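This report refers to the structure that appears directly beneath it.
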Amino acid sequence: MSLQNKIREWENEVRSRFVGHGEIIHLMIMNQLHSRSTTLIRAPRGLGKSTLMLLMLKGICGDDFVVISGASEVKRGEVVGRLHIPSLEKEGVERVLWAAFVQSRGKAIDEVNRLNPYTTANIHHLMQFGEVWAYGKRAKIGDYILVANENPMDATSFIHPQPFYDRFDVCIFLRSLTLSEKFQLQDLLEKHDGNLIDSMPQILSFEELEEARRQVSEVELNPAQIGFINQIVRDFQACIRDKENSEIKPPTLCEGCHFVRDICSRIKEPLSERATVALVHLAKAAKWLDGKCDLEDILRMAFWILPHRLSLVRTRNVPADIKDLLGAERIKMADRDARGQWTILNELLKGFDRSIYRLAREAAVEDVVFAEELMKMERIWVKNGLIKEEETLSLQMGWEGHTYGE
């Protein structure tokens, strides 16, 4: 059986035990197809967060995985390691016994929101650098799967720093089941004697998963796919008033801005570049597993890399807000194609042409990402005497303080 078929079998076994979330399960499977994958599941209590987490891990690790729970008082020794006291007493040597969580290739965190800040900091370091420290000793972490869940509305939650959540590749949301889905769940529970998790078989070895990850890493995306991914991420980062370095944040920062109705005005804190990395991983996995990854697929996958990375000016319902933003992004992409913006930019890169420059200026007043690229070119043209300073878009639009590309 090919690796792709084994991965599909893994997905089918999870789907046969978890009702009503087919798209989410497929997304989770694809997210496991790169090294050191991390997945965060968010939902209110009782919607199957832990069940889905354990089903995913059992399919690849069997029973060889470790779960730590934020609901219990997790100590450093359980997560990272503890001193081997006999070595210290008899030999005066500090030897660390590394925790099972560190050594296991299958890692699960139940109720992340209840982890104390110190434990969270250790896990953050593990995900960020692929290592852990204890008592002056370091342990390098090999490849792994890490799946976590949380209920952010839980009254006992700690507030974890945004950089910690940014280390999760994707964040998925579970909903409650519809009436017909509830009947399906009851049938499944009867079929498996009330225990869906114990009935889940191991489908692949971790070595087979590593080979699949290697093959996915070698998949090449075409220039259109790479360009589309970069455009999406940049649209969720760009600010003509440099919000990344400003102490004033939207909506105050956006007052009087030409782009006040654009996507950027709804985003308080922009995306990190990890969003690009996560989206590239998913696009490669889709090409390898599904045989295709078109631009609509990329937009759909973007939904799952945004919720835990974005800080919005106003939030009503996070999934709905993200869908609205992606809807606006879809319209923006269509407008760019209709105006031939990137063709215009490519022509200007070949050489300055005043008639094409006029077309570019018209497009730039509607598109902050296009505007920043044009303004970088304007600085070169001014230096070379092709246009005058007072002619530039940045000066005429009141963006003379803009520093992109400096």
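The values are calculated or read from the model by the stated rules, or taken from the named source; none is laboratory data. From a predicted model like this one, the values you see are computed outputs, not experimental measurements. Because the Cβ atoms are built from the backbone with ideal geometry, glycine has one as well, and the counts that use them run over all protein chains shown.
Would you confirm, using the coordinates I've provided, whether VAL260 is on the phi < 0 side of the Ramachandran plot, in contact with a Cys (Cβ under 6 Å, 6 or more places away or on another chain) and surrounded by fewer than 21 Cβ atoms within 10 Å (Cβ to Cβ)?
So VAL260 fits the description; yes.
Output yes when any residue across the range 229-242 is in contact with a strand residue (DSSP E or B) (Cβ under 7 Å, 6 or more places away or on another chain) and part of a loop (DSSP other than H, G, I, E, B), and no when none is.
Scanning the range 229-242, I find at least one residue that is in contact with a strand residue (DSSP E or B) (Cβ under 7 Å, 6 or more places away or on another chain) and part of a loop (DSSP other than H, G, I, E, B), so the answer is yes.
Filter the range 317-344 down to residues that are of a type in the set (S, T, N, Q) and part of a helix (DSSP H, G or I) and give me whichever is nearest to ILE232 (Cα to Cα).
It comes out as GLN341.
Of all residues in the range 243-276, count the ones that are out of contact with any strand residue (DSSP E or B) (no Cβ under 7 Å at 6 or more places or on another chain), outside any loop (DSSP other than H, G, I, E, B) and touching a residue at least 12 places away in the same chain (Cβ under 8 Å).
Counting residues in the range 243-276 that are out of contact with any strand residue (DSSP E or B) (no Cβ under 7 Å at 6 or more places or on another chain), outside any loop (DSSP other than H, G, I, E, B) and touching a residue at least 12 places away in the same chain (Cβ under 8 Å) gives 10.
Of the numbered conditions (1) β-branched (Val, Ile, Thr); (2) surrounded by 19 or more Cβ atoms within 10 Å (Cβ to Cβ); (3) not assigned by TED's automatic domain parsing to the domain that holds MET301, ILE229 satisfies every one except a single condition; which is it?
Result: ILE229 passes all but (3).
Looking at the range 1-91, what helices (runs of 4 or more DSSP H) fall wholly within it and have at least 1 residues that are under 29 Å from LYS191 (Cβ atoms)?
Result: 3-15, 22-31, 49-61.
Can VAL112 be described as crowded, with 18+ Cβ neighbours inside 10 Å and within 18 Å of the chain's Cα centre (by Cα)?
yes
Taking only the range 286-312 into account, find how many residues are closer than 18 Å to ARG42 by Cα and aromatic (Phe, Trp, Tyr).
Number of matching residues: 2.
Take the residues of the range 357-378 that are surrounded by fewer than 16 Cβ atoms within 10 Å (Cβ to Cβ) and in a helix (DSSP H, G or I): which is farthest from the chain's Cα centre (by Cα)?
Only one residue fits best here, namely ARG358.
Among the candidates ASN113, ASN122, which residue alone is under 13 Å from LEU40 (Cα atoms), polar (S, T, N, Q) and not in a strand (DSSP E or B)?
It is ASN113.
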